[in-house]
């Protein structure tokens, strides 16, 4: 490796050759895509694998793709390989039409596992992996943003995690790599408008520059807020949510960096109440939230120590904090996934492997659309740093 993470099959100059058969041989999990049908009107070319081959071929020919810095080309190519990876699980036929709703959302979870566990992907860094996944999640945005009642909000939301300049390139290749039989199809026109719309909105070159973190926090909590509003920060007290897979090192962070902060630990409450993690957790959750309310009423900072691996899990506590006008901070802990798996196996109270893997498949990495502040703790605690 020369310092650039490289995606298998990514074409390079001067000839920019792309070999779909070689890519499928290297990534055999692509083969089932050939059995997944697509709508005969929007995808007259046929199955998903046929479409993918056409898209990757178009991508290799795009001047915008070729002109990207090398690392960006590999990110876009990986996102393109994975953009429809969940279609087989999401596809069904309704009223004679083939549909695959939710495949971009489900695709993020499936793609994360492939990027982590398939040796062909050479273990991308956290930042590269999450950018690839953002491309998967929002690959339909450039073609569809004008269909939303609030297109400005959709592009601001997508731009919180996805580089929209890269997304525009993927979307153009995605459209060019299909045969659409819809009369007067204007998809390419909408994709062409996307860059200027994002520039005018203020999120083409990076996440939207909110006036302050409280304005950003409230914007994503209230659909009627303007992104340009500079809201007065009337919060008092700060709540820290630890988030991460079992074995990631959340408790280690608490005893080192978070030393001195009051902590509400779901594991400790389970032990106190003698509740097994596999049993009904309602009593554990009820006590934890009662303790949280006690701190919030007094404006006392505290740490909520739990896995918090999905946005839904985090939102419940963040909603409570917002009701009490407390600031929210998320600390997401993720050393390399092999390290987390090993640390979980070595813990005194190991989470069963099957349970751990199911949690991994549900993982949603926190973003700045959720809290006032998000910090990522990514170091391997065993590497001596």
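Note on region 1-70: enclosed helices (runs of 4 or more DSSP H) holding 3 or more residues that are more than 25 Å from residue 191 (Cα to Cα) and assigned by TED's automatic domain parsing to the domain that holds residue 136 are 20-26. Here residue 185 meets each of (1) without any contact (Cβ under 8 Å) to a residue 60 or more places away in the chain; (2) under 30 Å from residue 320 (Cβ atoms); (3) not in a helix (DSSP H, G or I) with one exception, condition (2).
Please enumerate the residues belonging to region 176-189 that are crowded, with 18+ Cβ neighbours inside 10 Å and under 15 Å from residue 145 (Cα atoms).
Applying the first criterion (crowded, with 18+ Cβ neighbours inside 10 Å) to region 176-189 yields 177-178, 187.
The answer is 187, and nothing else.
Taken over region 120-149, the criterion of being under 26 Å from residue 101 (Cα atoms), in contact with a helix residue (DSSP H, G or I) (Cβ under 9 Å, 6 or more places away or on another chain) and not in a helix (DSSP H, G or I) is satisfied by 138, 139, 140, 148.
Can you give me the ranges of the helices (runs of 4 or more DSSP H) entirely in region 269-377 with at least 1 residues that are assigned by TED's automatic domain parsing to the domain that holds residue 137 and out of contact with any strand residue (DSSP E or B) (no Cβ under 8 Å at 6 or more places or on another chain)? So that I can check it myself, show each step before the final result.
Numbers: elements: 282-297, 311-323, 337-346, 353-362.
Passing ranges: none, list empty.
Any residue in region 162-173 that is in contact (Cβ under 8 Å) with a residue 60 or more places away in the chain, assigned to a helix (DSSP H, G or I), touching a helix residue (DSSP H, G or I) at 6+ places or on another chain (Cβ under 6 Å) and farther than 15 Å from residue 76 by Cα? No, because not a single residue in region 162-173 is in contact (Cβ under 8 Å) with a residue 60 or more places away in the chain, assigned to a helix (DSSP H, G or I), touching a helix residue (DSSP H, G or I) at 6+ places or on another chain (Cβ under 6 Å) and farther than 15 Å from residue 76 by Cα.
On the stretch given as region 333-364, residues that are touching a residue at least 24 places away in the same chain (Cβ under 8 Å) and under 16 Å from residue 379 (Cβ atoms) total 9.
Kindly evaluate residue 331 against the criterion of being more than 17 Å from residue 278 (Cβ to Cβ) and either modelled with pLDDT under 95 or in contact with a helix residue (DSSP H, G or I) (Cβ under 6 Å, 6 or more places away or on another chain) (or both).
Numbers: more than 17 Å from residue 278 (Cβ to Cβ): yes; either modelled with pLDDT under 95 or in contact with a helix residue (DSSP H, G or I) (Cβ under 6 Å, 6 or more places away or on another chain) (or both): no.
Considered against the rule, which asks whether it is more than 17 Å from residue 278 (Cβ to Cβ) and either modelled with pLDDT under 95 or in contact with a helix residue (DSSP H, G or I) (Cβ under 6 Å, 6 or more places away or on another chain) (or both), residue 331 comes out as no.
Applying the set (1) surrounded by fewer than 18 Cβ atoms within 10 Å (Cβ to Cβ); (2) under 25 Å from residue 5 (Cβ atoms); (3) more than 22 Å from the chain's Cα centre (by Cα) to residue 99 leaves exactly one unmet item: (2). Note on region 17-38: residues that are within 19 Å of residue 112 (Cα to Cα), without any contact (Cβ under 8 Å) to a residue 60 or more places away in the chain and in contact with a helix residue (DSSP H, G or I) (Cβ under 8 Å, 6 or more places away or on another chain) total 6. Of all residue pairs spaced 6 or more apart or on separate chains, those with beta-carbon atoms under 7 Å, a first member in region 116-133 that is over 17 Å from residue 340 (Cβ atoms) and a second member that is at pLDDT 95 or above and loosely packed, with under 15 Cβ neighbours inside 10 Å are 120/26.
Would you mention how many residues in region 207-227 are in a loop (DSSP other than H, G, I, E, B) and buried (at least 18 other Cβ atoms within 10 Å of the Cβ)?
Kept after step one, since they are in a loop (DSSP other than H, G, I, E, B), are these residues of region 207-227: 207-212, 220-227.
Remaining after also requiring buried (at least 18 other Cβ atoms within 10 Å of the Cβ): 207-208, 210, 220, 227.
Matching residues across region 207-227 total 5.
Inside region 39-52, residues that are without any contact (Cβ under 8 Å) to a residue 40 or more places away in the chain and on the phi < 0 side of the Ramachandran plot make up a count of 3. Annotation: residue 19 fulfils all but one of (1) over 23 Å from residue 127 (Cβ atoms); (2) under 26 Å from the mean Cα position of the chain (by Cα); the unmet one is (2).
The values are calculated or read from the model by the stated rules, or taken from the named source; none is laboratory data. Remember, predicted model here, so these are calculated numbers, not experimental data. Positions of Cβ are backbone-derived with ideal geometry, glycine not excepted, and every protein chain shown enters the neighbour counts.
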